[in-house]
Amino acid sequence: MRRLRATVGAAALLLALPLSVAAAVPAMAAPSPAGSAAPALGAAAPDVAPAPALDAAATSDPAAVRIELPRPTGPYAVGREILHLVDQDRPDPWVPSAGPRQLMVSMYYPAHAGTGGPAPYMTAGAARAMLDFRLPGNTVPTEVLAGVRTWSATGARPQGGHYPLVVLSPGFVDARTAVTGLAEDLASRGYVVALVDHTYENTGTTFPDGRTLPCAMCGRPKDWSQVDESRAKDVSFVIDRLTSRPHPAWRHARMIDRDRIGMAGHSAGGAATVPALLADDRIRAGVNLDGTMDVLVPATGIGGKPFLMIGHSLGGGAEDESWETSWPRLDGWKRWLTVEGTDHHSFTDFPVLIDGLGLPPAPGTTIASGRAVDLTRRYVGAFFDLHLKGVEQPLLDGPNAADPEVVFHP
C-alpha cells in the first residue's frame, strides 16, 4: 500500500506520477500486497485517472517558473558535497554486467553561513530522465526541475564538532533529490545527512563521467523484500565508507559521531529501514515514511531500537496490513502517526514542486504543501533529537491541539 502509494489525486500531479499528458504509462505503482510486482511500463494502474493537460505558461518558458524549497528551520547553514562510492565486494544486484555496485550520495552538513556556492537541486541529466519517464513527450523544460532553489551550498566550510549521522533513502522510482528538503532541514538542526541514490531503482542517477543510468528495475517483476534488503546493504556500505579509518570516503567525515547513527526513508526507502535495523547494529533508530514493510518486523523485534512510522490515511478505517502486523512486534520506543489530509508523496518535495508549477493538489489532499513539509520535518527531527541527541521531545508524547492533522495510533 505504501511502497509507491497511488491515489486518484496523485494522477493529476506532474512529478508524482509517470503519466504522459497524452498517453498513460503507469501511475506510481498501484497499491499492491507485499512482495507483488509493480505494474509494467505501459500498463495503466487500476485506480488512476488521466493527467490533465499542463498549462502552457508553466511549461514553455523556464523563466516563468521558479520553484523554491522551504527554508530550513535549524540554526545552521547547510553545506552539500556529492560522493561517488564503489563497493568492490558486491556486484550490482540488478545489472550484474555493470560490475561492482556503485552509488551516488549527497552529503549534507552543518556549515558556516556565507561560504560556498549555491547547490543545484539535481543534474540536468537526472532531471531530463525524470521528466521523460513520468511525462513522455512533455514540454516541461529541464531547467525548471534542475533549477529548483535549494538552501545548501557546495564547498561550504563545515562547522566544528561531532554530529549524529542520518542516512536517508528515497522511494522507488524517485531520485534521491525527492527528499532534499528533509535532508537540508536535518542538517540545519545539527545532523550530518547521507542521502543515497539506489542505482537502477530510480528514473536516473548521474555519475561523475556524465552518464545518467536509467531505471533498470522499473517495470521488471521483482520481489520487493529483495529490493528492501538490497537497499539495507547499500546503507550499510555507505556507513562503512563514511566511518572507516584511517581513510573515510568523505573529507569531512570527522564531523560524524560514529556512535549516533539513524536511518529514515520514504516509501521503499522507509520499508528498507526494517532490514537495515536488523542487519546493522550501528543504526540505532529508524523512521518509515509511508512505506509498506515487505520485510516484516520479526516476532523477536528489532533489538529494542526506537522506530517511528508516519503515513497517510487510507480512509474507511483501513490500515496497511504490514504495519498492523509489525506494530505489536516493535520492542522498543515506538510511535505510529497518521497525518490526515495527506497522500503518499506529501512527505517528500513533490507537493512543493507541484505548487511551483501551478498544478492543482490531488483530490482528497486537503493539507497545504508547506504544512505537510512542516509536519514531516518537525516530527522526524523530534524523533532523532530524542533518540540520537537525548533531548526530550514533548511533541512525541501524544496528540496536541497545534497539530490536529496528526493522529497517534493507540
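The values are calculated or read from the model by the stated rules, or taken from the named source; none is laboratory data. None of the values given here were measured: they were computed from a predicted structure. So basically every Cβ, Gly included, is an ideal-geometry build from the backbone, and we count neighbours across all protein chains shown.
A compact table of results
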| read-out | value |
| --- | --- |
| Subset of segment 340-361 [more than 19 Å from ALA146 (Cβ to Cβ) and touching a Leu at 6+ places or on another chain (Cβ under 6 Å)] | PHE347 |
| Those residues of segment 259-279 which are free of Cβ contacts under 8 Å to residues at least 60 places away in the same chain and either in contact with a Phe, Trp or Tyr (Cβ under 8 Å, 6 or more places away or on another chain) or not in a helix (DSSP H, G or I) (or both), in sequence order | ASP259, LEU277 |
| Residue within segment 390-409 that is part of a loop (DSSP other than H, G, I, E, B), within 22 Å of MET263 (Cβ to Cβ), over 21 Å from the mean Cα position of the chain (by Cα) and in contact (Cβ under 8 Å) with a residue 12 or more places away in the chain present | yes |
| Flag if PHE347 is surrounded by 23 or more Cβ atoms within 10 Å (Cβ to Cβ), in contact (Cβ under 8 Å) with a residue 40 or more places away in the chain, under 16 Å from GLY291 (Cβ atoms) and within 20 Å of the chain's Cα centre (by Cα) | yes |
| Scope segment 178-198; condition surrounded by 23 or more Cβ atoms within 10 Å (Cβ to Cβ), touching a strand residue (DSSP E or B) at 6+ places or on another chain (Cβ under 8 Å) and outside any strand (DSSP E or B); matching residues | ALA178, VAL179, THR180, LEU182, ALA183, GLU184, LEU186, ALA187, SER188, TYR191, HIS198 |
| Subset of segment 228-255 [in contact with a Phe, Trp or Tyr (Cβ under 7 Å, 6 or more places away or on another chain) and closer than 21 Å to ALA276 by Cα] | LEU242 |
| Tally, over segment 309-344, of residues that are aliphatic (A, V, I, L, M), buried (at least 17 other Cβ atoms within 10 Å of the Cβ) and assigned to a loop (DSSP other than H, G, I, E, B) | 1 |
| Set GLY291, GLY332: member being under 27 Å from ARG241 (Cα atoms), small (Gly, Ala, Ser) and modelled with pLDDT of 95 or more | GLY291 |
| Total residues in segment 129-146, condition closer than 23 Å to PRO70 by Cα and more than 19 Å from the chain's Cα centre (by Cα) | 5 |
| Candidates ALA271, ALA279, filtered to the one that is small (Gly, Ala, Ser), over 29 Å from GLY79 (Cβ atoms) and surrounded by fewer than 17 Cβ atoms within 10 Å (Cβ to Cβ) | ALA279 |
| Subset tally (residues that are crowded, with 16+ Cβ neighbours inside 10 Å and not in a helix (DSSP H, G or I)) for segment 218-247 | 3 |
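This table checks each residue for (1) under 13 Å from ALA127 (Cα atoms); (2) under 16 Å from the mean Cα position of the chain (by Cα); (3) at pLDDT below 95; (4) small (Gly, Ala, Ser).
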site: ALA156; (1), (2), (3), (4): no, no, no, yes
site: PHE172; (1), (2), (3), (4): no, yes, no, no
site: ALA194; (1), (2), (3), (4): no, yes, no, yes
site: MET217; (1), (2), (3), (4): no, no, no, no
